[in-house]
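Encoded as structure tokens, the structure appears first; notes follow it.
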Ligand SMILES: *Cc1c(COP(=O)(O)O)cnc(C)c1O
């Protein structure tokens, strides 16, 4: 009997080149942070045209270092969109600061200048704003309607959570090229991976210098020089820093992945274009709105929304797709629904109508570079089949 074809939500790419690179690191005898991590910083920084790039062991670490370097302290308020992964908000609590949760724009699931402005009017002085580039695209950053220009005009530090957004561009340039802090993730299923890893890019000399010290125990200089021939063993500890450095084993993987990033982004765009054209006319579905040119979008996610016109709940729709061989995911249960934040800040669902409407119906479809045309067609057929169950 022929087996029914299936499509996974994500499939890791061929890793033979990365295997070779890791083998070279193992053979070299230097496994932790060293020359490869430094080279990964240089090459990643060049790819996003960042004045500084600081390699770390996760995007969460990069976000934490960013808030620390931007002087977010106990009791400060930090704007965070409710529709994001836990990491975007937990780092605010690491600093004993208070997240101010904000609803997102329908269709894009992004913050807007107006949403940030309203939150500032309601909550008073805000120290920083975490802007999440949901799914791989950015809100308008510059100009009269820009989130970044609003923050700059009002003395609010801007931290970009770009975990979904490499490679991507906004109206002011490549994501990572121009803000107080931009944080990337190289987690296993992100657009490029180092297994676990992250990068903080910044155009501020001060943020870069502070993050470099705080990512490794608050030691005042790069200690991987400590053991090199002729290097001094002397160092000082200037602050109670963290243990966030990226090992060379991981950086070696990242250096290989970096060379593939543009081709992979283009492959995901082609899948998104198929979905956008083939699913546009399906009644009962809302497709994601692309507010940037298709080429500026990283296409990390393709989240559709099942409306009330489909006689199935989101959870039933997911089961139906699974029966048709298609694995999906959900991004995300909004943070105002998570018990810790809901209880601590007495959050009410009615304050987040757009994120709520999205959450009730959202389903993320598979979108990864090695998807075959047949797999894309299988997803389209399964979605049509599910939506037709009226
Ligand atoms: C994955 C992700 C993170 C965390 O990345 P790590 O590298 O796993 O720490 C942060 N924010 C968003 C939006 C993410 O999707």
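The values are calculated or read from the model by the stated rules, or taken from the named source; none is laboratory data. Fair warning: this is a prediction, and the values are worked out from it, not measured in the lab. Every residue, glycine as well, gets a Cβ built from its backbone with ideal geometry; the counts of neighbours run over all protein chains shown.
A few notes on this one:
- Top-ranked residue of the stretch 190-204 - restricted to ones that are more than 8 Å from the ligand (Cβ to nearest atom) and closer than 16 Å to residue 254 by Cβ, ranked as nearest to the chain's Cα centre (by Cα): 191
- Residue match in the stretch 21-40 (condition: under 25 Å from residue 164 (Cβ atoms) and within 19 Å of the chain's Cα centre (by Cα)): yes
- Selection from the stretch 109-147 of residues that are at negative phi, assigned to a loop (DSSP other than H, G, I, E, B) and more than 16 Å from the ligand (Cβ to nearest atom): 112, 125, 126, 127, 140, 141, 142, 144, 145, 146
- Members of the stretch 245-300 that are assigned to a helix (DSSP H, G or I) and over 29 Å from residue 21 (Cβ atoms): 272, 273, 274, 275, 276, 277, 278, 279, 294, 296
- Considering residues of the stretch 159-175 that are in a strand (DSSP E or B) and surrounded by 23 or more Cβ atoms within 10 Å (Cβ to Cβ) only, the residue nearest to the ligand (Cβ to nearest atom): 161
- Within the stretch 67-81, considering residues that are more than 12 Å from the ligand (Cβ to nearest atom) and in contact with a helix residue (DSSP H, G or I) (Cβ under 8 Å, 6 or more places away or on another chain), the one nearest to residue 358 (Cα to Cα): 79
- Of all residues in the stretch 177-191, those satisfying the criterion of being closer than 17 Å to residue 135 by Cβ and surrounded by 24 or more Cβ atoms within 10 Å (Cβ to Cβ) are 182, 183, 184, 185, 191.
- Scope the stretch 206-258; condition modelled with pLDDT of 95 or more, loosely packed, with under 13 Cβ neighbours inside 10 Å and closer than 19 Å to residue 40 by Cα; matching residues: 243
- Of all positions in the stretch 39-54, at least one carries a residue that is within 16 Å of the ligand (Cβ to nearest atom), within 19 Å of residue 201 (Cβ to Cβ) and in a strand (DSSP E or B).
- Index of the failed condition, residue 95 passing every other in (1) under 24 Å from residue 188 (Cα atoms); (2) touching a helix residue (DSSP H, G or I) at 6+ places or on another chain (Cβ under 7 Å): (1)
Rundown of residues vs (1) closer than 23 Å to residue 209 by Cα; (2) out of contact with any helix residue (DSSP H, G or I) (no Cβ under 9 Å at 6 or more places or on another chain); (3) at pLDDT below 95, yes/no style:
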| position | (1), (2), (3) |
| --- | --- |
| 9 | no, yes, no |
| 26 | no, no, no |
| 39 | yes, no, no |
| 56 | yes, no, no |
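- For the stretch 192-205, the set of residues classified as surrounded by 21 or more Cβ atoms within 10 Å (Cβ to Cβ) and in contact with a helix residue (DSSP H, G or I) (Cβ under 6 Å, 6 or more places away or on another chain) consists of 192, 194, 197, 198, 199, 200, 202, listed by residue number.
- Note on the stretch 314-390: enclosed helices (runs of 4 or more DSSP H) holding 1 or more residues that are touching a strand residue (DSSP E or B) at 6+ places or on another chain (Cβ under 6 Å) and over 29 Å from residue 101 (Cβ atoms) are 373-388.
- Selection within the stretch 83-95: residues that are within 12 Å of the ligand (Cβ to nearest atom) and outside any helix (DSSP H, G or I). The member of this set that is farthest from residue 108 (Cα to Cα) is 86.
- In the stretch 296-311, the qualifying residues are those that are touching a residue at least 60 places away in the same chain (Cβ under 8 Å) and away from the ligand (no atom under 16 Å from the Cβ), and the one that is nearest to residue 164 (Cα to Cα) is 296.
- Of residues in the stretch 205-223 being under 22 Å from residue 67 (Cβ atoms) and assigned to a loop (DSSP other than H, G, I, E, B), the one nearest to the ligand (Cβ to nearest atom): 215
- The residues of the stretch 176-189 that are under 13 Å from the mean Cα position of the chain (by Cα) and either assigned to a strand (DSSP E or B) or within 13 Å of the ligand (Cβ to nearest atom) (or both), listed by number, are 182, 183, 184, 185, 186, 187, 188, 189.
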